[in-house]
1. Would you work out if the chain is rounded, prolate or oblate? Take a ≥ b ≥ c from the square roots of the eigenvalues of the alpha-carbon gyration tensor; rounded if a/c is under 1.5, else prolate when a/b is larger than b/c, oblate otherwise.
2. Sorted by mean Cβ packing within 10 Å, highest first, what order do the peptides 191-200, 160-169, 322-331 take?
3. Among Phe301, Phe241, Phe42, Phe309, what is the fewest-to-most ranking by other Cβ atoms within 10 Å?
4. If you put +1 on each Lys and Arg Cβ and -1 on each Asp and Glu Cβ, how big is the dipole of region 5-160 around its Cα centre, in Debye rounded to 20?
5. Tell me the net charge near Arg381. Cut-off is 13 Å between Cβ atoms, Arg381 excluded, with +1 for each Lys or Arg and -1 for each Asp or Glu.
6. Can you figure out the FRET efficiency of Ala328 with Ala385, using R₀ = 25 Å and their beta-carbon distance, to the nearest 0.05?
7. Let me know the shape class of region 240-306, please: from the alpha-carbon gyration tensor, a ≥ b ≥ c as square roots of the eigenvalues, rounded when a/c is under 1.5, otherwise prolate if a/b is greater than b/c, or oblate.
8. Please give me the summed charge of the neighbours of Ala48: other residues whose Cβ is under 12 Å from its Cβ, Lys and Arg +1, Asp and Glu -1.
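Values in this text are rule-based calculations from the coordinates and carry no lab data. Worth saying up front: this structure is predicted, and the values here are computed from it rather than measured. We place every Cβ from the backbone using ideal geometry, glycine too, and count neighbours over all the protein chains shown.
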Amino acid sequence: MPCSAQAIAATAARPVRVAVLGSTGSIGTSTIDVIESSAGRFEAWLLAAHRSVGTLVEQARRLRPAWVVVVDEAAAASLGPGALPAGTRLASGREALADLVRADDVDRVVSAIVGAAGLDSTWAAIEAGKTVALANKETLVMAGPLVMRRAEETGATILPVDSEHSAIHQALASGRHDEVQRIVLTASGGPFRTRPLDTLGSATPEEALRHPTWSMGPKITIDSATMMNKALELIEARWLFGVPAEKLAVTVHPQSIVHSLVEFVDGSVIAQLSPPDMRLPIQYALTHPRRTAGIARRLDFTRPLTLEFEPPDLDRFPAVRLGHEAAARGGTAGCVLNAANEAAVAGFLAGRLRFTDIADTCARVLDRHSFTAEPTLEQIRGLDAWARQEVATWSS
Ligand code: NAD
Ligand code: MG
C-alpha cells in the first residue's frame, strides 16, 4: 500500500524505528531476532511487556531502546535505579504504553501482546495512523469492522504477522479482489489430530502444550490443540481481507509448510510455502512492500518433501464450526467467542475445565449473549468482561 512505501522511503536514511509490544513473548523475541539480524535497517525504539522485567532488562541492554514499558506497575516498581542502560527510559501502565505507541518517533508497531490485552495499544497505533505488523489477532476478532474503518480514516496500514494471513496477503497479489473465489487457511491439526476421539476429554495441559510443528506461547498453543486458533483466524481473515464468511475455508495440513492458499475464479490456487518459522512473516510485515534476505529457515528441495491436506474433522474440532458461525454473524460474536475462549483456556490450564469443555463452554456463552450487529468499542469491552464472568461462574 502506498503509505508503507512512503514510510520506508522517508526513513531510508536512518533505521526504521520499531515499537515491539509484547517483546518478551514468542513473537516478541522472534521480532528481536529479525531486528538484530537486519544490519541496522531496523532499531527497537520501544520494548514493552507485562511483568517479565528480567527478560526486558536483558533485551534493553542489548538493543538500547529509547523506552521500556512494563505494563504491570508493581513489576515496574521492582526495577532498581541503574537496571536499564543509560539513555533508556522506563514507563509503566497501559496508558503510558498507548501514549508512547502514538509518538512521532515510531515508524512501525509490532503488536504482539497476547489476547484482548493487546487491543488498547493496537487501537492507539491505528488512531495515530501507524503501520502495524499485527500478530495480535484478537484485535480484529474483537473489533474487526471498527478497526478496519478507523485504519482507513487515519491512513494506518495493517500488515498481518499471523503466518496464514501473511501467506494470504502475498497470494492475493496474484489477482484482483473481485477475482477471489475462496481463501483456504491451513491448520496443522495440532497434537490431537490422530488421538482416539474418546480420550480427548482426558487430555492434559502438558499434552496439549506439545505442538508438533510450531513453538509458540502457551495460550495460542492450546488454541491450536482445540483448533480455536483457526476459528479466530477465520474471523481475522474476514475483516482483514474484507471477504464474506462463505469464501473462507480450512484445510488440515500437518507439515505446516503451506501457510494458506487463495483460489481465484479461473481455478488457479496460489499458495505461500516456507518452513514453520515466524521470523519470515514478521520480517515481511517489517520490510513490506520490499523483501530482503533474512534469517528464517528455508525449504530444501534437494530432499524429499511430502505435503498432505485433509478436511478438518468437525466432531474432533467443534471450534472450527464456531469460527465459521462467528465470522458469518459478525457484530459481537467474535468478541464473545474470544473472551469465552481466553477464560476457558485459563480454566483448562488451571485444571478447572476438561479439554473438551473449552469449545462447549464457548458455544454456550456465544448462544447466551445478547447479540449486537454494530457494537461500539465500549460495548465490546463490556461484553468481553461479561463473557469472562460467565465462564468463571460455570467453571468455579
Ligand atoms: P506469548 O505468551 O509468548 O507472549 C505474550 C507477550 O505479551 C509477552 O511479552 C507478555 O509480557 C505480553 N503481555 C501479556 N499480557 C499483557 C498485558 N496485560 N499487557 C501487556 N503485555 C502483556 O504470546 P505469543 O505466542 O508471542 O503470541 C502473541 C500474539 O501473537 C497473540 O495474539 C497470538 O495469537 C499471536 N500469534 C502468535 C504466533 C506464535 O507463533 N507465537 C503466531 C501467530 C500469531
Ligand atoms: Mg496462525
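1. rounded
2. Ranking, from highest mean packing down: 160-169, 322-331, 191-200.
3. Lowest count first: Phe301, Phe309, Phe241, Phe42.
4. I would put it at about 280 debye.
5. -2
6. Efficiency computed from Cβ-Cβ geometry: 0.50.
7. Oblate shape, in that a/c is at least 1.5 and b/c is the bigger or equal ratio.
8. Taking every other residue near Ala48 into account, the sum is -1.
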